[in-house]
Amino acid sequence: MSSPRLSLNRCLFSALTTLVLPGCAPLKAATLPAGFSETKIAEGLNPTTMEFAPDGRLFLCEKQGLLRVVTGDKLLEKPVLDLTKQVDSWNERGLLSVCFDPEFARNGWIYLYYTHLRKPDDASHTSSNNRVSRFTVTSNAADPGSEKVILELNDLSKVGWHNGGGLAFGKDGKLYVSTGENAVGPNAQNPGNLLGKLLRINKDGTIPTDNPYYGKFEGKNRAIVALGLRNAFAISVQPGSGLLYLSMVGANFEQIERYDTGKRPEAVNYGWPEIDGPPKQQKQPEGYRAPEYAYDHGKGKGVALCGGDFYNPAKPGPGAFPATFTGKFFFSDYGGWIKLIDPAKPGERQDFAHGINRPIDVATAPDGGLWYIERAGIPGGSDASNSASTNGALWRVTWTGERASANLASKDQPKPASSGSEFNLPPTAEGALPATLAATGLFSDNRLSPKAGVVPYSLNGTAWADGAKIRRWVALPKSGKVGFAPNGEWQWPGGTVLVQHFDLPRPGQTGALRPLETRVLVLDGTGTFGYGLTYRWREDGSGADLVAEGGREESVATTDSGGVARQQTWSYPGRGACYLCHTPNAGFVLGPKTHQLNGPHTYPGARTDNQLRTWNYLQMFREPLNEATIASLPRAVALDAPGASPQDRFHSYLDTNCAQCHRPAGTGALWDARFGTPLAKQDIIGGAVRNNLGIEDAKLIAPHNVAKSLMHHRMSSTNPTTQMPPFTRNVPDKAALAVLEEWIRSLP
């Protein structure tokens with residue numbers, strides 16, 4: 001089976017003719033589940049793949065060498081880049097993929113994988129090779145002269161099939177490239193070439209020295225991290241987790257192969273040509289990894305696995321899919337359908353769409369729409385039919401139905417809770433959002449006196465918010481209760497509302513606080529996802545108004561911890577920014593859990609009590625706690641906790657401020673900030689770093705050496721490309737840095 005990205009080879013011609021309409025005219029529409037609709041964005045295309053830029057523009061590759069852009073749901077007539085004179089588009093060759101530099105917003109760099117035509121008059125087609133190049137984009141145009149070739153692959157044979165072409169940046173900041181074996185099976189296991197491999201390179205084309213074969217293979221073959229690929233021409237990396245899926249066309253099986261870019265690079269072998277599909281009795285090569293998911297052409301009712309993408313939209317909008325789809329992997333088969341799997345249960349495949357004329361790629365838009373390419377083309381398998389298409393189309397799928405009813409992956413979705421109606425908060429962000437904090441009905445006055453059922457709470461660990469004082473409340477839906485767990489995340493009833501409020505010291509008024517911002521988090525019917533709202537307080541304290549979807553920044557007057565007046569920038573997060581921290585992987589609700597609430601809180605009326613005991617008394621847990629055990633449960637401590645060691649104080653601080661991202665499958669680096677993870681297993685002390693910031697021998701925490709401890713550098717920085725956390729923080733936490741320094745210097 002050749003790469004269906006461009007067409008099908010002769011061996012599947014008979015199967016194909018039963019799956020598409022005569023003449024391959026584009027179908028009018030796909031068959032979608034209830035609640036979904038689609039819109040045709042463009043037609044008359046010769047498409048291969050597509051990728052969304054961080055700013056929401058869609059860049060689409062056309063096989064002959066045109067890079068096109070869609071902005072505002074309109075395909076611009078003028079290409080971003082025209083490489084038709086240097087691209088070999090014969091058979092399955094051509095412009096095969098595009099991806100964006102992690103710092104695209106700053107440097108404008110894009111990376112293309114295309115077949116370079118070195119000798120246009122060579123009738124044997126043996127004077128071409130696939131290459132990866134970097135270009136600079138300004139607005140909607142790329143300068144051809146900005147090309148920097150960063151990787152040249154081996155020369156191609158006279159066979160036009162199996163070119164691969166996957167391109168994506170991993171969580172480790174490295175560029176991953178998947179290549180085909182050019183229809184020569186032994187290439188896949190040959191360490192002397194780059195064909196049939198997964199490659200890992202730096203963005204300038206150099207080879208990372210931590211690649212697993214760096215000391216074993218020679219020259220540019222040290223870029224290899226995995227062997228044994230037949231034709232893996234599509235790569236998708238899940239935001240946050242770094243999970244990489246390869247969409248590979250096998251001989252009898254279509255396969256989703258797995259690689260982890262969020263871990264230390266490892267040597268992997270996917271088994272081709274000896275193993276096709278799930279392993280049976282074949283001898284397995286060293287480092288063999290079975291497919292994450294595989295299906296054969298017959299029982300799987302497929303033809304060729306074309307491409308896929310994880311459904312993790314950066315800024316879900318009105319047409320975004322229900323939360324039950326978040327994290328799923330959608331993939332398309334050239335036979336005419338799109339299906340999905342859950343990486344947590346990869347063996348269970350779910351239907352999504354069918355009746356598509358050769359779907360060749362799918363991509364998740366930042367706003368949550370799912371886009372797909374319908375290649376259509378010419379039936380057959382000849383060189384000519386593989387080389388061109390003039391009737392491809394681009395489609396966008398959005399959700400238009402009731403969110404509570406959409407769940408293809410499970411028949412047991414919880415019904416929506418009713419708390420949204422108990423207060424004036426809709427169950428989803430698509431509803432009518434209260435324009436003011438007062439309109440939510442959560443508080444009875446501007447002094448934030450909570451209404452009945454709104455329970456105040458606090459965290460044991462210190463949370464940094466640019467010097468602001470923080471207050472918190474939670475409201476459970478009617479009859480809703482919390483699923484308690486002594487360690488890790490709690491289970492929340494759908495419809496729960498959580499509130500976080502920020503006050504800053506007023507300059508020149510000792511002890512006086514200015515209300516600045518109140519954030520409201522509303523959980524959906526599943527209790528595992530939802531939406532967030534930000535309310536900005538008027539300077540006179542007369543009320544708080546809903547911040548626009550994109551957020552805002554302003555300069556505010558305050559004082560530092562020593563009472564000195566200053567101006568500082570305050571960032572009000574937009575609605576989409578909530579999802580950067582409040583992820584399903586982190587449990588969506590970040591603060592309240594056992595080790596954070598196992599401590600005292602002073603309630604209205606000056607009554608102080610252990611919060612777990614209070615919640616138990618209020619019957620907020622599904623199962624009552626044995627209060628005699630509370631003292632033995634985990635307990636975080638504040639940064640200034642008397643008698644606590646620097647290690648314990650900072651360990652709690654990391655959990656409170658960093659664990660939402662820095663955890664297994666999270667969006668952070670290669671370490672674990674969770675309170676329940678023993679220090680020896682957190683990979684903090686002496687931990688590896690992805691970017692050493694130019695500091696030789698840098699570690700996450702270098703014992704007894706603050707200068708080489710990157711955690712200290714990132715926490716003290718205000719450079720947006722360096723600082724941690726990377727957003728909403730504008731002022732370093734001096735108290736935390738002092739404790740961190742004390743801890744580092746105490747380490748042997």
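When D333 is tested against (1) under 24 Å from G165 (Cβ atoms); (2) at pLDDT 95 or above; (3) more than 22 Å from the chain's Cα centre (by Cα), just one condition goes unmet, and that condition is (2). Consider segment 158-187 and keep the residues that are modelled with pLDDT of 95 or more and aliphatic (A, V, I, L, M). The one that is nearest to the chain's Cα centre (by Cα) is A168.
Can we say Q491 is modelled with pLDDT of 95 or more, closer than 30 Å to Q647 by Cα, surrounded by fewer than 18 Cβ atoms within 10 Å (Cβ to Cβ) and out of contact with any Pro (no Cβ under 9 Å at 6 or more places or on another chain)? Yes; evaluated as a whole, the condition is true for this residue. When restricted to residues that are over 25 Å from D609 (Cα atoms), open to solvent by less than 30 Å² (accessible area, probe 1.4 Å) and either assigned to a loop (DSSP other than H, G, I, E, B) or in contact with a Ser or Thr (Cβ under 6 Å, 6 or more places away or on another chain) (or both), segment 432-463 contains 3. Would you be able to say whether some residue in segment 640-647 is modelled with pLDDT of 95 or more, loosely packed, with under 15 Cβ neighbours inside 10 Å and assigned to a helix (DSSP H, G or I)? No: zero hits.
The set of residues in segment 95-118 being of a type in the set (F, W, Y) and either open to solvent by 40 Å² or more (accessible area, probe 1.4 Å) or in a strand (DSSP E or B) (or both) consists of F100, W109, Y111, Y113, Y114. Could you tell me whether any residue of segment 701-710 is of a type in the set (G, A, S), in a helix (DSSP H, G or I), open to solvent by 40 Å² or more (accessible area, probe 1.4 Å) and out of contact with any strand residue (DSSP E or B) (no Cβ under 7 Å at 6 or more places or on another chain)? Scanning segment 701-710, I find at least one residue that is of a type in the set (G, A, S), in a helix (DSSP H, G or I), open to solvent by 40 Å² or more (accessible area, probe 1.4 Å) and out of contact with any strand residue (DSSP E or B) (no Cβ under 7 Å at 6 or more places or on another chain), so the answer is yes. Only one of A294, A314 is among the aliphatic types (A, V, I, L, M), at pLDDT below 95, in a strand (DSSP E or B) and on the phi < 0 side of the Ramachandran plot. Can you tell me which? Exactly one residue qualifies, and that residue is A294.
Only one of these is exposed (fewer than 15 other Cβ atoms within 10 Å of the Cβ) and part of a loop (DSSP other than H, G, I, E, B): F727, F675. Name it. Steps first, answer last, please.
On the way: F675 fails: exposed (fewer than 15 other Cβ atoms within 10 Å of the Cβ).
Residue meeting the stated conditions: F727.
Of the residues making up segment 153-160, not a single one is in contact (Cβ under 8 Å) with a residue 60 or more places away in the chain and either outside any loop (DSSP other than H, G, I, E, B) or under 30 Å from L670 (Cβ atoms) (or both). Residue count for segment 535-588, restricted to those that are part of a loop (DSSP other than H, G, I, E, B), touching a residue at least 40 places away in the same chain (Cβ under 8 Å) and not aromatic (F, W, Y): 11.
One line per residue, one yes/no per condition, for (1) closer than 16 Å to V268 by Cβ; (2) small (G, A, S):
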{"residue": "P186", "(1), (2)": "no, no"}
{"residue": "L199", "(1), (2)": "yes, no"}
{"residue": "T206", "(1), (2)": "no, no"}
{"residue": "T209", "(1), (2)": "no, no"}
{"residue": "G219", "(1), (2)": "no, yes"}
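Just to confirm my filter: which strands (runs of 3 or more DSSP E) fall fully inside segment 332-373 and include at least 3 residues that are open to solvent by 10 Å² or more (accessible area, probe 1.4 Å)?
Details: elements: 337-342, 345-354, 359-364.
Per the criteria, 337-342, 345-354.
Across segment 298-322, the number of residues qualifying as touching a residue at least 60 places away in the same chain (Cβ under 8 Å) and open to solvent by 40 Å² or more (accessible area, probe 1.4 Å) comes to 4. Scanning segment 417-431 for residues that are under 16 Å from L498 (Cα atoms) and open to solvent by 30 Å² or more (accessible area, probe 1.4 Å), we see that the one that is modelled with the highest pLDDT is N424.
Please verify whether T84 is among the hydroxyl-bearing types (S, T, Y) and either part of a loop (DSSP other than H, G, I, E, B) or within 21 Å of A314 (Cα to Cα) (or both), treating the condition exactly as stated. It is true that T84 is among the hydroxyl-bearing types (S, T, Y) and either part of a loop (DSSP other than H, G, I, E, B) or within 21 Å of A314 (Cα to Cα) (or both). Summed over segment 63-75, the residues that are open to solvent by 10 Å² or more (accessible area, probe 1.4 Å), within 16 Å of W371 (Cβ to Cβ) and either at pLDDT 95 or above or not in a loop (DSSP other than H, G, I, E, B) (or both) give a count of 4.
This table checks each residue for (1) more than 27 Å from the chain's Cα centre (by Cα); (2) closer than 23 Å to A548 by Cβ.
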position: W492; (1), (2): no, no
position: V499; (1), (2): no, yes
position: P505; (1), (2): yes, no
position: R519; (1), (2): no, yes
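Scanning segment 365-416 for residues being modelled with pLDDT under 65, within 16 Å of I338 (Cβ to Cβ) and out of contact with any Ser or Thr (no Cβ under 8 Å at 6 or more places or on another chain) gives a total of 0.
Checking the structure you have, find out if any residue of segment 712-719 is out of contact with any Asp or Glu (no Cβ under 8 Å at 6 or more places or on another chain), part of a loop (DSSP other than H, G, I, E, B) and within 21 Å of A659 (Cβ to Cβ).
Residues of segment 712-719 out of contact with any Asp or Glu (no Cβ under 8 Å at 6 or more places or on another chain): 713-714, 716-719.
Next, only the ones that are part of a loop (DSSP other than H, G, I, E, B) stay: 717-719.
After this cut, where a residue has to be within 21 Å of A659 (Cβ to Cβ) as well, the list is 717.
Yes, segment 712-719 contains a residue that is out of contact with any Asp or Glu (no Cβ under 8 Å at 6 or more places or on another chain), part of a loop (DSSP other than H, G, I, E, B) and within 21 Å of A659 (Cβ to Cβ).
Based on what the data block shows, is S37 open to solvent by 10 Å² or more (accessible area, probe 1.4 Å) and at pLDDT below 95? Step through it out loud before you land on a result.
On the way: open to solvent by 10 Å² or more (accessible area, probe 1.4 Å): yes; at pLDDT below 95: no.
Spelling it out, it is not the case that S37 is open to solvent by 10 Å² or more (accessible area, probe 1.4 Å) and at pLDDT below 95.
Filtering segment 263-289 to residues that are farther than 26 Å from Q682 by Cα, open to solvent by 30 Å² or more (accessible area, probe 1.4 Å) and either of a type in the set (A, V, I, L, M) or part of a strand (DSSP E or B) (or both) leaves only Y288.
Taken as a whole, the condition of being modelled with pLDDT of 95 or more, part of a loop (DSSP other than H, G, I, E, B) and either acidic (D, E) or farther than 26 Å from G347 by Cβ (or both) applies to K216. Quickly run through segment 123-161 and pick out the residues that are open to solvent by less than 40 Å² (accessible area, probe 1.4 Å) and more than 25 Å from L229 (Cα to Cα). The answer is F135, V137, A142, S146.
The set of residues in segment 173-199 that are assigned to a loop (DSSP other than H, G, I, E, B), in contact with a helix residue (DSSP H, G or I) (Cβ under 7 Å, 6 or more places away or on another chain) and surrounded by 17 or more Cβ atoms within 10 Å (Cβ to Cβ) comprises E181, N193, L194, L195, G196. Contact annotation: residue pairs with Cβ atoms under 6 Å, 6 or more positions apart or on different chains, pairing a residue in segment 119-139 that is more than 22 Å from D204 (Cα to Cα) and in a loop (DSSP other than H, G, I, E, B) with a partner that is of a type outside the set (F, W, Y) and open to solvent by less than 40 Å² (accessible area, probe 1.4 Å), are K119/S127. A count restricted to segment 13-34 and to residues that are open to solvent by 30 Å² or more (accessible area, probe 1.4 Å) and at pLDDT below 50 stands at 12.
For segment 108-128, give me each residue that is of a type outside the set (A, V, I, L, M) and modelled with pLDDT of 95 or more.
Step one: of segment 108-128, the residues of a type outside the set (A, V, I, L, M) are 108-109, 111, 113-116, 118-122, 124-128.
Within segment 108-128, G108, W109, Y111, Y113, Y114, T115, H116 meet the criteria.
Can you find even one residue in segment 200-209 that is surrounded by 23 or more Cβ atoms within 10 Å (Cβ to Cβ) and either polar (S, T, N, Q) or within 30 Å of A586 (Cα to Cα) (or both)? Checked against the condition, which is being surrounded by 23 or more Cβ atoms within 10 Å (Cβ to Cβ) and either polar (S, T, N, Q) or within 30 Å of A586 (Cα to Cα) (or both), segment 200-209 yields at least one hit.
The values are calculated or read from the model by the stated rules, or taken from the named source; none is laboratory data. Everything numeric in this text was worked out from a predicted model, so none of it was measured. In this analysis, Cβ positions are derived from the backbone assuming ideal geometry, glycine residues included, and neighbour counts consider all displayed protein chains. SASA here: full protein model, heavy atoms, side chains in, ligands and nucleic acids out. Shrake-Rupley method; radii C 1.70, N 1.55, O 1.52, S 1.80 Å.
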